[in-house]
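These notes concern the structure reproduced below.
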Amino acid sequence: MRAIWKGAVSFGLVSIGVKLYSATEEKDIRFHQVHREDGGRIRYKRTCSICGEEVTYDDIAKGYDIGGGEMVILTDEDFADLPLTSSRAIDVLEFVPAEQVDPILYNKAYFLEPEGAATKPYVLLRDALIDSERVAIVKVALRQREQLATLRVREGVLLLNTMLWPDEIRTPDFGFLDEDLKVRPPELAMASSLIDSMTGEFEPDVFTDDYRAALQEVIDAKVEGREVVQPEEVEEAPAAAVDLMAALKASVERAKAARGEQPARSGGGGGGEPTPISSARSAQKAAEKKAAKAPAKKTAAKKTAEKKTAEPAKKTAAKKTPAKKAEPAKKAAARKTAPRKSA
């Protein structure tokens, strides 16, 4: 690494000489603008909008637009007279608990390395920060601008985090903040359960930039003169619309399945509750079953009505039948009673 700044940390009456190094670097793949036909680099010229002449860096100043087409021009001498504390000092203002610093304020990070004989006071400040569990609030002038920053310890090294000023943080102004939206306790409990099922230890090395890796593969293939075969993506069918509670339950089950936990099963005489995924799809399945059973119910109702109508007719027929059977008995009795004719 190359030091980009040298100065001193002022800690009370103690001065600690340090070198400043960028603690981060962007890994984005950068491209040049080129002519499509011959690959020639595209160059831009700095020209004046009034005279049209090309301008060198030595002739360029900073201008502030005050409106109405008027411009105030500031030179290097104007910036030199500004009341900066020092261009080579990191002044410690106070020590505060780290949790009191909102992460949104953090901007850029720099490593501090002790210079020369400053190693012992450097280690003293480092160990004191660790022992007190505090971070130092400091002011530093970098690139002709005074900045608020923190000093904390990371992997045994003092880390300088420049910060945004409070008036540089925007205030959120969104319509939904004024709406009276209430979350039901069961929904909140299920969301908390989902958070618990997805809780783990943060390991940054596990996460990768898949887009950058794929882009680098395309570039390497171009260099080697081979084709890049992209696997076909399987288009997933759109999920059925489900309510918030069902979606949360399904999410909890999927998170548990991803961790290798066995989801609860229903059916099979086990008497268990239905799974969240089946609950999420129950509305659609229930509607399909209801539509399928409706004609069957009507047919069964018609058959029942016909059966009930036929039953009285059968009973009436049953009553008439014994009366007909009794008729021969009456005739036989009449025959016995009638007097016999003499010969």
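The values are calculated or read from the model by the stated rules, or taken from the named source; none is laboratory data. Since this is a predicted model, take the numbers as computed values, not measurements. Don't worry about glycine lacking a Cβ; one is built from the backbone with ideal geometry, like all the others, and counts go over all protein chains shown. SASA here: full protein model, heavy atoms, side chains in, ligands and nucleic acids out. Shrake-Rupley method; radii C 1.70, N 1.55, O 1.52, S 1.80 Å.
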Could you grab me the full set of residues in the range 79-114 that are over 17 Å from E155 (Cβ atoms), part of a helix (DSSP H, G or I) and open to solvent by less than 80 Å² (accessible area, probe 1.4 Å)?
F79, A80, L105
Any hit, the range 32-51, residues being open to solvent by less than 70 Å² (accessible area, probe 1.4 Å) and either closer than 23 Å to L148 by Cβ or touching a Leu at 6+ places or on another chain (Cβ under 8 Å) (or both)
no
Can you tell me which of V123, V135 is without any contact (Cβ under 8 Å) to a residue 12 or more places away in the chain, hydrophobic (A, V, I, L, M, F, W, C) and open to solvent by less than 50 Å² (accessible area, probe 1.4 Å)?
V123
Can you list residue pairs whose Cβ atoms sit under 6 Å apart, with the first residue in the range 31-47 being modelled with pLDDT of 90 or more and the second being open to solvent by less than 100 Å² (accessible area, probe 1.4 Å)? Count only pairs 6 or more apart in sequence or on different chains.
Q33/I42; R41/V34; R46/V55
Out of the residues in the range 205-229 that are under 16 Å from E26 (Cβ atoms) and in contact (Cβ under 8 Å) with a residue 60 or more places away in the chain, which is surrounded by the most Cβ atoms within 10 Å (Cβ to Cβ)?
L215
So which residues in the range 16-69 are closer than 30 Å to D209 by Cα and not in a loop (DSSP other than H, G, I, E, B), if there are any at all?
L20, Y21, S22, V34, R41
Does L20 meet the test of being under 27 Å from W165 (Cβ atoms), surrounded by 12 or more Cβ atoms within 10 Å (Cβ to Cβ) and among the hydrophobic types (A, V, I, L, M, F, W, C)?
yes
Go through the range 185-202 and count every residue that is in contact (Cβ under 8 Å) with a residue 40 or more places away in the chain and open to solvent by 70 Å² or more (accessible area, probe 1.4 Å).
1
Might you let me know whether the range 163-176 holds any residue that is surrounded by 12 or more Cβ atoms within 10 Å (Cβ to Cβ), among the hydrophobic types (A, V, I, L, M, F, W, C) and either at pLDDT 85 or above or under 30 Å from I4 (Cα atoms) (or both)?
yes
Checked the range 155-179 for anything without any contact (Cβ under 8 Å) to a residue 12 or more places away in the chain and over 27 Å from the mean Cα position of the chain (by Cα); matches are E155, D167
Just one of (1) closer than 30 Å to T150 by Cβ; (2) open to solvent by less than 60 Å² (accessible area, probe 1.4 Å); (3) out of contact with any strand residue (DSSP E or B) (no Cβ under 8 Å at 6 or more places or on another chain); (4) not acidic (D, E) trips up L13, so point out which.
(2)
